[in-house]
1. Just for region 520-540: of the residues that are of a type in the set (Gly, Ala, Ser) and either in a loop (DSSP other than H, G, I, E, B) or out of contact with any Ser or Thr (no Cβ under 8 Å at 6 or more places or on another chain) (or both), which one is surrounded by the fewest Cβ atoms within 10 Å (Cβ to Cβ)?
2. Of all residues in region 121-158, which are touching a strand residue (DSSP E or B) at 6+ places or on another chain (Cβ under 7 Å) and either under 17 Å from Ser597 (Cβ atoms) or within 10 Å of the ligand (Cβ to nearest atom) (or both)?
3. Pick out the one residue from Gly563, Gly598, Gly582 that is over 21 Å from the mean Cα position of the chain (by Cα) and under 26 Å from Trp439 (Cα atoms).
4. In region 206-228, which residues are surrounded by fewer than 21 Cβ atoms within 10 Å (Cβ to Cβ) and closer than 17 Å to Gly258 by Cβ?
5. Name the residues in region 198-250 that are out of contact with any Asp or Glu (no Cβ under 9 Å at 6 or more places or on another chain), more than 15 Å from Leu152 (Cβ to Cβ), touching a residue at least 24 places away in the same chain (Cβ under 8 Å) and outside any loop (DSSP other than H, G, I, E, B), would you?
6. Out of region 110-138, which residues are within 14 Å of Tyr153 (Cα to Cα), part of a loop (DSSP other than H, G, I, E, B) and of a type outside the set (A, V, I, L, M, F, W, C)?
7. Condition first: crowded, with 24+ Cβ neighbours inside 10 Å and β-branched (Val, Ile, Thr). Now tell me which residues in region 236-251 satisfy that.
8. Could we say that Glu485 is more than 16 Å from the ligand (Cβ to nearest atom), modelled with pLDDT under 95 and touching a Phe, Trp or Tyr at 6+ places or on another chain (Cβ under 8 Å) here?
Amino acid sequence: MFFFRSVSVIPRMPDRIARLGEISKNLWFSWNQQAENLFSYINDDLWREVGHNPVKFLIHINPEELERITGDSHFLAEYDWVVSEFDRYMNSISWFEESYPQYNNKAIAYFCAEFGFHESLPIYSGGLGILAGEHIKSASDQGLPMVGVGLLYKQGYFTQQIDFNGEQHAHYPNYNFREMPITPVTCENGSNLVVNVDFKDRLVYLKVWKVQVGRVSVYFLDADVTKNSEEDRKLTARLYGGDDENRIQQEIILGMGGVKALRAVGVKPMAYHLNEGHAAFSGLERLRELVQSGICASGARESIISNTLFTTHTPVLAGHDVFSYELVDKYLGHIYSQVGMTRNSFLNLGRDEEQGGFNMTFFALHLSSFSNGVSKIHGRVSKDMFHSLYPHLSVDETPIYSITNGIHVKTWVSQELSDLFTTYLKPDWEENMTDKDMWNNVYSIPDEKLWKKHQDCKESLVQFIRDKLQERICRSKEEENHIKEIQDYFRSDVLTIGFARRFTTYKRADLILRDKDRLARLMNDPKRPVQIMFSGKAHPDDEQGQNLIKEIYNISNEEPFKGKIVFIEDYDIDTARYMLQGVDVWLNNPRWPKEASGTSGMKAAANGVLHCSVPDGWWPEGFNGENGFIIGNTGDEGMNKIEQDTKDAEHIYHLLEKVIIPSFYNIDSEGIPGQWLHWMKNSIATLPVYFNTTRMVQEYTNRFYSSLLDRGIRLSSNNYVVADNIKNFKLYIEENWHQVAVNYVHSNGRTEMQQGEELKIEAGVNLGPINPRDVVAEITYGEVESNGLKNVMAVSMEMKGQDDAGHYHYSISVPLEEQGNIGYTVRVRPYNPEFAHQYELPLVAWAPDF
Ligand SMILES: *Cc1c(COP(=O)(O)O)cnc(C)c1O
């Protein structure tokens, strides 16, 4: 083996269109169709061949074609327009600058194991990555001083082929990043920037790459470096590919290596957002840095907690990484002392007694001041899941909040609809994403125009499906006689249902196939036929998921479903875009309550594709009775799987037979289904206005980032003196908390009172040596429920003095405004104005039975 450096040689770019190179390397093109159109206009065949990858396109384009295009006035006008839009975007004054001028240039780091920006950079697997990608896109739109950190997977997730028996085959191409919209970060001498992580017995070196997403940079780490052993070079080869050992190494690279990469490029974030537990080791590297610089371990920990936010994404226990303690020792054993901790105190940060290992979610929760789930339901489910970490609090008050996910709408709305929006909503509709009045203008679009545009999208989808099926058949010589047949598969005048997502059992891809006879009757009604399109990958280790694919594939080859049910291979952003713009109904039927949020339905909704979903994830927050369809009811959680499946399948057939099919085919003399169009408009008017990443990123900023930045700046100032004070405060309180007790509670003793009366409560509290300034005593009340109190409210009591025995005397009067059965009690908890929220130190002394 010998070493070499490489250089990509691209054709000399004519001066007139010189900035095409810059545009090809900024993912801004991924949500600006006109920018992508420039490339397809130059050479559409090549544009397809390179998989919509503009960098590869420019490496392979014939220079003569570039010369020729400089004489094409139509092209030049488009080019000039795109360049001026790009400049306008990059230089515009942003929401963040206007709202938070005090935090300008204070970086916010965003860590995630995967990012999905565009099909030309296939380093994502699904929902989590796409959400992260769109978080970054909107951070750029809103001008947040954000910087992303991720891993660069040489082989991505995997590409999927289905053979003629329906078996999934996973392929692992080696991507050539020199031909992708990503650039290596170089040092002054031109060599690649390399950082390392210490795996106890060896250093692993990591090359740093950068992706430019509008105004935001995202840095990626890549272990495929010649200085590493052959084994180590494969550490970042696959996303979610290896065993636990590969996984912990990847997570150390992402977390610890990620912080080092930020330092190496000169970024010192004042706030950190960990998107999923995979990135939690970033806290460890930050801890190490501070302790090595002379800050004491617990003070350093306070400082890190103060400006870290953690977002959890899975309500399924098995979806959280739990590593054996041996594995943690093996890779991090030498770090414990470097962060001033004992083995035990370190492992306690992730100790999961139930699963018997080091839980990355627990670790992340212990190292952050805020944490959140990604929909209202998921927030509640997360409180239940992680309540054991906050045993003193009621489940309701477990400090895990929720911010509902969104989508980057411009990335997903078809060019066809986008044109209509420009005319009927607002010329710059994408910059007014959260404006309700603007979205209401969708009702002014004439029915026939909206229907025509939707029909155009559907025709593109049908062509896409036929091309994909043909491509697949061309791989096998024997099957070539099918090619003609395929040209009749799928029709653009038939009601089309789309289903695409990860193939894993709880998503129940086969639910609609439960009663095949009934489905066959439905689909083959000559006047009102139905067709269904499926797509999705199963994890290569998930046998049941692969069996589902096989089942659907086989049915798609059998009469009476042949040509009416199709399975399209290799689900990715490109396939998703065609489907979500071109089907009529988007089906989502996971088993309740396992869907944290889901986002594909939001993409459908923005395109006027009606979402038909179980009431899980985001849908209960979006559904209003007339903007899509709901399958089953919430509260079905008590049922067993078979009961739930049977009931939900029955409901889907019922919806199809009684609501969906009749309305879709109820057309007037012009061929327009009026009721259906009304629902399409309702969907567009009511859903994207909220389920977008502009609102989401603003919500993250207003509720969390601004507070994290504030605390990040305060706690690190003055040599961490505030962090040190908080640490001392917590230590003191923790040591003496056992002496805190509510000695007595006096109320009037009545069990029935009238609305408007005042409930007067007095309590005596023992605080031991703790100063009353450092606690609050409060009355806590809420509606009585079978397992506790609901909608709990807390109101501080007033300290009236100290009695002879040293008890503090508190009192309060609460007006009883609401009717109903109210439960109340008294409690004491620590208070410090520097806390991020009231449960930062989750200790509570509750009143005994009174
Ligand atoms: C949006 C999207 C997802 C996530 O969708 P879910 O609703 O969470 O299943 C997955 N993969 C691709 C390609 C997507 O575009």
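1. At the first step, the residues of region 520-540 found to be of a type in the set (Gly, Ala, Ser) are 520, 535-536, 538.
Filter once more, so that each one left must be either in a loop (DSSP other than H, G, I, E, B) or out of contact with any Ser or Thr (no Cβ under 8 Å at 6 or more places or on another chain) (or both): 520, 536, 538.
On the way: Ala520: 16, Gly536: 24, Ala538: 22.
Filtering first and then ranking leaves Ala520.
2. Answer for region 121-158, where residues must be touching a strand residue (DSSP E or B) at 6+ places or on another chain (Cβ under 7 Å) and either under 17 Å from Ser597 (Cβ atoms) or within 10 Å of the ligand (Cβ to nearest atom) (or both): Ala132, Glu134, His135.
3. On the way: Gly563 fails: under 26 Å from Trp439 (Cα atoms); Gly598 fails: over 21 Å from the mean Cα position of the chain (by Cα).
Gly582 is the lone residue from the list that is over 21 Å from the mean Cα position of the chain (by Cα) and under 26 Å from Trp439 (Cα atoms).
4. Scanning region 206-228 gives Lys210, Ser217, Asp224, Val225.
5. Asp198, Val216, Glu245
6. Answer for region 110-138, where residues must be within 14 Å of Tyr153 (Cα to Cα), part of a loop (DSSP other than H, G, I, E, B) and of a type outside the set (A, V, I, L, M, F, W, C): Glu114, Gly116, Ser120, Pro122, Tyr124, Ser125.
7. Thr236
8. On the way: more than 16 Å from the ligand (Cβ to nearest atom): yes; modelled with pLDDT under 95: yes; touching a Phe, Trp or Tyr at 6+ places or on another chain (Cβ under 8 Å): no.
Answer is no for this residue.
The values are calculated or read from the model by the stated rules, or taken from the named source; none is laboratory data. These numbers come from a predicted model, not from an experiment. All Cβ positions, glycine included, derive from the backbone under ideal geometry; neighbour counts span all protein chains shown.
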